[in-house]
1. Just wondering, is there one or more residues in the range 286-295 that are within 16 Å of the ligand (Cβ to nearest atom) and within 29 Å of Lys44 (Cα to Cα)?
2. In the range 197-246, what residues are within 16 Å of the ligand (Cβ to nearest atom), aliphatic (A, V, I, L, M) and part of a loop (DSSP other than H, G, I, E, B)?
3. Among the residues of the range 133-161, count how many are more than 23 Å from Lys209 (Cα to Cα) and not in a strand (DSSP E or B).
4. I'd like the full set of residues that are on the phi > 0 side of the Ramachandran plot and away from the ligand (no atom under 16 Å from the Cβ), limited to the range 262-285.
5. Take Val90 and tell me if it is away from the ligand (no atom under 16 Å from the Cβ), on the phi < 0 side of the Ramachandran plot and part of a strand (DSSP E or B).
6. Scan the range 111-127 and give yes if some residue there is within 16 Å of the ligand (Cβ to nearest atom), under 14 Å from the mean Cα position of the chain (by Cα) and part of a strand (DSSP E or B), otherwise no.
7. Of the conditions (1) without any contact (Cβ under 8 Å) to a residue 40 or more places away in the chain; (2) in contact with a Lys or Arg (Cβ under 9 Å, 6 or more places away or on another chain), Asn167 fails just one. Which one is it?
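What follows draws every value from the coordinates through simple rules; no lab data is involved. Everything quoted here is computed from the prediction, not taken from an experiment. Virtual Cβ from ideal backbone geometry, glycine too; neighbours counted across all protein chains shown.
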Amino acid sequence: MFSLEKKTPFLNPEETGEMFWEKSQAVVVPFGLEASVSYGGGTKNGPEAILKASHQLELFDEEFWQEPYLNYGIVTLKKFGIKKSPKKAVAQLQKITAEILNANKFPLILGGEHSLTPGAVYACAEKFGKITILHFDAHADLRDGYEGEKFSHAAAMRRCLDDPRVNIVSVGIRSISAGEIPFLEANSKRVKIFWGKDKGSWQIPEILKALGNNQIYLSFDIDGLDSSIIPATGTPVPGGLLFDEATAIICEVAKEKKIIGADIVEFAPIKNLHACNFMTATLTYKILSYALSKDLRNKLLKAAKAREAGNYKIKI
Ligand SMILES: [Mn+2]
């Protein structure tokens, strides 16, 4: 059994009260892996900054017209030692994720660099069979290793595809190397890219169609967002998504598909840029609420009615 974080869990324990494993569906896993960084560092500090910033969030969400966490409950694992080599860290996270899934709970991993994702994905594929990764990122991450490291952050999606049960839909890509193109072309049935350059013309039904009928694992590299709104990441790239563009896609996906787990990676906090910490914490809360609200479409419709009626007591 896991040890739970009591002092700095996700969301403010003074307001939310102590949350319990048995009653919670969401399990936040702080996994500040930093082993194969190639440009700016600092992802090892990501989880703590996100957890601290989460204490500043309003628990009430005007989209849900309630405090959505009350419906699903969130616990946070106590910080633990992470294996130094990316390969061993991946195996470590696979084991942790499998335990969470076997308890019928939802793993939400806070990175840490992107190289951790295959660990969570392998566990999901083991449990659910065929899965599709909804992957937000500036980078395709399809290299077969980088700078001598097979499990590099730059190879995150390639390593996920090592499991034949995994497909990927990547959103916001605007940085890919010539060497990745032949692999992409040869695997067009398993990897679909919605390029950042086309974001003005993306259609939600097309993204839903690309995701197919598999269950969904969400891997959100924070550099999928535009570098102007979130410079706090190792390899920031311009031309990315705005916050509400990303959350709108996740919301629509959560209405139609079952999301079984998620990670938020590559966040590297910068001192005094606390807006970035807050944004990443907000994104985490939104992802949990979308993924874990039963019958999301109906719930949001009822919330909209309650909001318009000015009747907060209405039961949602
Ligand atoms: Mn990236």
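1. Initial filter on the range 286-295 (within 16 Å of the ligand (Cβ to nearest atom)): none.
Checked the range 286-295: no residue is within 16 Å of the ligand (Cβ to nearest atom) and within 29 Å of Lys44 (Cα to Cα).
2. Ile229, Ile230, Ala232, Val237
3. Initially, the range 133-161 is screened for residues more than 23 Å from Lys209 (Cα to Cα), giving 143-156, 159.
Cutting the leftovers down to not in a strand (DSSP E or B) gives us 143-145, 147-148, 150-156, 159.
Result for the range 133-161: 13.
4. Selection gives Asn272 alone.
5. no
6. Scanning the range 111-127, I find at least one residue that is within 16 Å of the ligand (Cβ to nearest atom), under 14 Å from the mean Cα position of the chain (by Cα) and part of a strand (DSSP E or B), so the answer is yes.
7. (1)
Residues are listed down the side, and each one gets a yes or a no for (1) among the charged types (D, E, K, R); (2) under 22 Å from Lys52 (Cβ atoms); (3) surrounded by fewer than 17 Cβ atoms within 10 Å (Cβ to Cβ):
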| position | (1), (2), (3) |
| --- | --- |
| Thr280 | no, yes, no |
| Leu288 | no, yes, no |
| Asp295 | yes, no, yes |
| Asn298 | no, no, yes |
